[in-house]
Every structure is written in structure tokens, then in C-alpha cells.
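The next block holds one structure in the form of C-alpha cells; read it before the comments.
Every number here is computed from the coordinates shown, using simple stated rules; none is lab data. If you're wondering where the values come from, they're calculated on a predicted model, not measured in any experiment. Here the Cβ positions follow ideal geometry from the backbone for every residue, glycine too, while neighbour counts run over all protein chains shown.
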Amino acid sequence: DFSLIGLTLAISFLFFFYVRKLFFSAKKQSKNVPEAAGAWPIIGHLHLLNGSQMPHKIFGQMAEKYGPIFRLKLGVNQAVIVSDHKIAKECFTTNVRAFANRPKSIASEILGYNYAMFGLGPYGPYWREIRKIVTTEFLSARRIEMLKHVREFEVRSAVKETYEYWLKNNNTSNNLNGAVKIEMKEWFGNLIMNTMVKLLFGVQYTDKEDEERSKAHIAIRRFFELLGVSVVADFLPYLRWLDIGGHEKIMKATAKEIDFIVEDWLAEHRRKRKLRGNNCGDEEDFMDVMLSICEGKNLHGFDADAIIKATCMAQQTAGTDTTIVTLVWILSLLLNNYEALKKAQDELDTHVGKNRRVQESDIKNLVYLQAIVKESFRLYPAAPLMLPHESIEDCVVSGYDIPKGTRLLVNIWK
């Protein structure tokens with residue numbers, strides 16, 4: 001009888017632990033971010049992105065089916081797609097440190113000076129040190145105010161060139177009552193590019209150097225485009241040797257071209273510093289500041305030249321394309337909404353008048369214009385998908401377990 005009781009108890013305990021294991025396994029599994037259907041062996045969901053439709057729109061359609069957070073397998077990488085502002089806020093507040101990293105990519109390696117470029121490199125001591133330099137020496141209120149005259153000069157020059165272009169072409173047979181057509185995307189592009197190059201590198205092109213300026217602009221724009229390119233090897237790294245699509249070859253050629261241009265600017269800065277005895281002036285450009293801080297130093301395995309060139313190009317990248325896209329959308333929206341355009345003009349007439357130019361100090365009074373900019377950001381974000389992040393540790397987002405090494409893509413457009 002005792003042996004029968006013992007056997008019964010043993011079976012009961014085994015059954016209890018078995019049921020307990022099943023329960024906790026199911027509970028743990030239920031915490032995984034739901035995965036979208038349609039994954040193929042090896043490539044995962046990559047085939048779903050191989051079409052004419054933009055990724056942010058594809059992700060938006062998938063969010064309608066799978067919810068505001070879902071998981072994709074992109075080759076060897078696991079990626080979580082977030083399409084909800086509350087979940088995105090949780091990622092970058094509660095889990096800000098967990099998602100501080102950027103995933104490695106071929107573009108970041110080749111074009112970003114082997115991950116020396118701030119914003120594209122891995123999170124760590126080097127990243128924190130460069131961020132501190134950028135924040136205090138380029139984005140601080142003091143530095144922005146100090147370089148205000150550069151921005152004002154470039155705007156005046158652009159308006160003057162436009163007026164001269166109108167004078168030259170308003171009498172042609174193709175005009176419409178004296179009107180002249182201007183490609184505003186190109187106009188904004190030249191204005192922002194000239195301003196950023198002047199702020200960062202101190203380079204001011206003259207009319208005689210228009211060809212040189214054009215070459216530099218084309219090279220920088222190609223650099224921007226390639227930075228956003230994802231290649232097959234980013235998802236299937238063992239195929240890198242094939243260089244499918246030839247993107248890596250193009251990236252290397254562009255990186256060499258850009259480095260030649262920036263190296264020339266850096267050498268000119270060193271020459272000028274030598275002539276003035278390394279005395280720092282109040283109107284230094286950012287490359288001059290970086291030289292003062294980094295010259296002769298080796299930070300976390302990167303030499304001074306790589307740090308200076310990579311950090312300057314990072315700011316050029318961050319401040320150019322997004323600004324151009326935003327300005328084009330603002331202008332397009334205003335031209336298609338005459339009532340809003342009229343209100344903006346009336347506000348400018350009230351607070352600025354017609355006898356002087358708009359100053360940066362006027363912005364605080366231009367409340368309606370600020371609202372136009374914010375609404376344009378909301379309707380047409382410059383980058384519909386945020387740059388990818390990567391978790392450096394396990395974390396929990398919206399109740400789901402996110403393992404270390406998971407990529408995070410936030411769909412702002414959705």
C-alpha cells in the first residue's frame with residue numbers, strides 16, 4: 001500500500017512539474033513580439049521588401065494586419081517594427097540605453113571611416129565623447145548665435161542670385177507675364193549645402209569657382225544617397241565577397257572621392273592655423289574647432305584625421321538632406337493652401353514689415369509660421385523611417401521581450 005501511495009505521489013509531482021513547465025513555456029512564448037507571416041528560409045521576410053513600393057508603406061500595411069509592433073526576419077537579423085508613438089516613446093525613454101546602439105552596415109563601415117562617424121558608429125565611450133563635442137561646439141546656443149552671420153549671408157546671396165537670374169531671363173519669349181521658373185528643390189539644395197559647407201569647413205565658393213562647387217556638391221549628394229543604401233551583405237554577411245549589385249565597389253569609389261575633398265579642406269585648415277600660430281578666433285568653423293580638440297590625439301583607436309573628417313561629414317549629412325526635404329514640403333503645402341499662405345504673409349507683415357529682412361530673432365513672434373513648420377513635420381516627415389537602432393541588452397517593450405541584438409525600426413510615417 002505504501003509503495004502504491006509513493007508511486008501515486010511521484011506521478012502527481014511529475015505531472016505537476018510537467019504542467020507547470022508547459023504553462024511557463026507558453027507564458028514566456030506569449031511575450032515574444034508577434035512575427036509576420038510569409039518568412040522564407042534563409043532570407044526571411046526580405047522578399048517582401050523587394051518591390052517598387054517604399055519600405056515605410058509596406059510596413060504601414062503590415063501594421064494594419066499585425067498591429068503596432070511586430071517582428072520580421074531580415075536575413076540573419078531579427079527586426080522589430082514599431083508604428084505607434086507611445087511604443088516608440090517607450091523605446092527611447094524607458095529603454096533609451098538599451099536601444100542606444102546602431103547596427104553595423106557596409107555603408108557605415110566604408111563611408112563612415114570604419115564606424116568613426118558619429119551617429120552611425122556603435123554606442124560606447126567614443127560615441128559619448130564625440131556627442132559631447134558636437135553638442136557643445138556645434139549645436140550649442142552660443143555657437144549657433146556666433147555663426148548667425150554665416151546663415152544670414154548665404155540667404156542674402158541666394159536671394160540676390162535669384163533676383164539676378166530673373167533680371168536676365170524675364171524678357172525671354174518663354175516667360176509668362178515676366179515670371180521665370182525656378183527649380184526650388186535645387187535652389188534649397190544649393191542654399192543649404194553652401195551654408196553647411198561654410199559652417200563646417202569654412203569653405204566659401206566664389207562665382208568663378210562654380211564648377212568646383214558643383215563637383216563637391218555632386219560628390220556629397222552621392223555620399224548621402226549611398227549612406228542610406230542597404231546591401232545584401234547587410235542581411236546575409238557570408239555573401240559579401242560576391243558584392244551583389246556592385247554597391248560596395250561604388251561606395252569605395254565615393255568614399256575615396258569624398259575623402260580627397262575633405263582631406264584638401266583639412267590641409268588648408270592646418271596651413272592657416274600654422275600661419276596664425278594656432279590662435280583660435282571667435283569665428284572658427286567646426287573643422288577648426290575639431291582640430292583644436294583632436295590634433296595629435298588618438299581616441300579609442302581612431303586617429304585625429306579620421307575623427308575630424310568623419311565627425312564633420314556626419315554633421316553635413318544630418319543637416320543637409322533632411323532640411324532640404326522639409327523646406328520643399330513646406331513650400332509645396334503652402335502653394336496648395338492659399339489661405340494658410342496668406343495668413344503666413346500677414347503675420348510676416350505684422351511682425352517684420354516690408355522694409356527689412358526677416359531675422360532669426362523674429363522667429364519667436366512668428367507663431368503661425370512655427371505651426372506651419374510643425375504641421376509639415378507631422379504630415380511629411382523628412383525621413384519616414386527612423387535610422388535603425390539595435391538593442392545592446394535584453395529589454396521589454398510594450399510587454400514583449402526584446403532580445404539583445406534585435407534591430408528596431410520606427411515607422412514615423414505610419
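A few points about this structure:
- For the chain, the fraction of C-alpha pairs more than 39 angstrom apart is 34%.
- Distance between the pseudo-spin-label points of LYS132 and LEU341 (7 Å out from Cα toward the beta carbon): 5.0 nm.
- Segment 224-363: C-alpha pair distances exceeding 28 Å, %: 50
- Taking the fewest neighbouring Cβ atoms within 10 Å as the starting point, the ordered list for SER361, SER332 is SER361, SER332.
- The trypsin sites (Lys or Arg not before Pro) of segment 24-124 that DSSP puts in a loop, and whose beta carbon has at most 16 other beta carbons within 10 Å, are LYS31, ARG97, LYS104.
- Tilt relative to the chain, helix 55-66 - C-alpha long axis, 0 to 90 degrees, to 10: 30
- Proximal aspartates and glutamates to LYS364, defined as alpha-carbon separation beneath 13 angstrom and excluding residues fewer than eight positions away on the same chain: GLU347
- Measuring nothing but how far apart in sequence close Cα pairs (under 8 Å, 6+ apart) lie, relative to its length, the chain scores a relative contact order of 25 percent.
- Helix 210-227 vs. the chain, principal-axis angle (Cα, 0 to 90°, nearest 10): 10
- Cβ-derived FRET efficiency at R0 51 Å, LYS354 paired with ASN50, nearest 0.05: 0.40
- Our summary of shape: the Cα atoms of segment 127-336 have principal axis extents of 62, 50, 32 Å, ordered from largest down, in whole angstrom.
- In the elastic network of the chain, a GNM with C-alpha springs shorter than 10 Å, the most mobile of PRO237, PRO403, PRO41 is PRO41.
- The chain: angle of helix 184-201 to the longest principal axis, Cα-based, in degrees nearest 10: 90
- Of LYS86/LYS309; LYS148/LYS309; LYS86/LYS343; LYS86/LYS374; LYS309/LYS404, those spanning more than 26 Å from alpha-carbon to alpha-carbon: LYS86/LYS309; LYS86/LYS343; LYS309/LYS404
- Within segment 84-188, all pairs of alpha-carbon atoms sorted by distance into 5 Å bins from zero give the percentages 2, 10, 10, 10, 11, 12, 11, 10, 8, 7, 6, 2, 0.
- Fully extended contour minus Cα-Cα distance, from LYS249 to LYS364, at 0.36 nm per residue: 36.6 nm
- Environment charge at ALA79 (Cβ cut-off 9 Å; Lys +1, Arg +1, Asp -1, Glu -1): +3
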